[in-house]
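Peer 1: Questions regarding the structure given below will be posed in turn.
The values are calculated or read from the model by the stated rules, or taken from the named source; none is laboratory data. Just so it is clear, the structure is predicted and the values come from calculations on it, not from any experiment. For neighbour counting, all protein chains shown are included, and Cβ atoms are generated from backbone atoms with ideal geometry for every residue, glycine included.
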Amino acid sequence: MNIIYKKFLFRVGTETANEAKTIAPYKTGNLKKDIKVISYSHKKVIVGNTKLAPYAKFVYFSTKPHMIKVKKARALANKKSGVVFGKKVNHPGTKANAYLKNAFDNYIRSEGFTRAKSALVRDIKQGIITDIKKGFK
């Protein structure tokens, strides 16, 4: 039976990760590409970002206003726009964006989750039938 639950949780994790990729902020960069099933077992599934997007925790949980200072360069600048900011900048902070939780909530309310639950019931039923048949041999 453990394999049945493992299969179900992997499906839930994968479909939640796919939903998270559609609602996560930032259209470019590694944040969306990096959302994946990190681990799963018959008891739990972990979905999130890996080291490819180390800034994901700041997007997810927020940041307070803070100072950004130059470390090695002469000044902070946006290379694409050519805007130079100087040696330090007051960053206003960011609001939290719980895209993983929101994706899971969306998935739980979706037809995809209904189909996953139906498949779980079918697999459990088939497993029970198989076990009963083995018992009579």
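Peer 1: Taking segment 42-70 as the search range and keeping residues that are aromatic (Phe, Trp, Tyr) and over 13 Å from the mean Cα position of the chain (by Cα), which one is farthest from Asn97 (Cα to Cα)?
Peer 2: It comes out as Tyr55.
Peer 1: Looking only at segment 91-113, which residues are without any contact (Cβ under 8 Å) to a residue 40 or more places away in the chain and part of a helix (DSSP H, G or I)?
Peer 2: Lys101, Asp105, Ile108, Glu111
Peer 1: Now a separate question. With Ala75, Ala20 as the choices, which residue is outside the structural domain of Lys117 (by TED's automatic domain parsing) and among the aliphatic types (A, V, I, L, M)?
Peer 2: Ala75 is the lone residue from the list that is outside the structural domain of Lys117 (by TED's automatic domain parsing) and among the aliphatic types (A, V, I, L, M).
Peer 1: Hey, any hits in segment 29-39 for a residue that's in contact (Cβ under 8 Å) with a residue 24 or more places away in the chain, under 27 Å from Arg11 (Cβ atoms) and either assigned to a loop (DSSP other than H, G, I, E, B) or not assigned by TED's automatic domain parsing to the domain that holds Ile4 (or both)?
Peer 2: Yes, segment 29-39 contains a residue that is in contact (Cβ under 8 Å) with a residue 24 or more places away in the chain, under 27 Å from Arg11 (Cβ atoms) and either assigned to a loop (DSSP other than H, G, I, E, B) or not assigned by TED's automatic domain parsing to the domain that holds Ile4 (or both).
Peer 1: While we're looking at this one, here's another question. Has segment 82-90 got at least one residue that is over 29 Å from Tyr5 (Cα atoms) and assigned to a loop (DSSP other than H, G, I, E, B)?
Peer 2: Taking every residue of segment 82-90 in turn, at least one turns out to be over 29 Å from Tyr5 (Cα atoms) and assigned to a loop (DSSP other than H, G, I, E, B).
Peer 1: Now for a separate question. Name the single residue that is nearest to the chain's Cα centre (by Cα) among those in segment 3-18 being under 16 Å from Ile38 (Cβ atoms) and in contact (Cβ under 8 Å) with a residue 40 or more places away in the chain.
Peer 2: For segment 3-18, the residue satisfying everything is Ala17.
Peer 1: Right, something else. Right, Ala116: closer than 30 Å to Phe8 by Cβ, touching a residue at least 24 places away in the same chain (Cβ under 8 Å), small (Gly, Ala, Ser) and not assigned by TED's automatic domain parsing to the domain that holds Asp34 or not?
Peer 2: no
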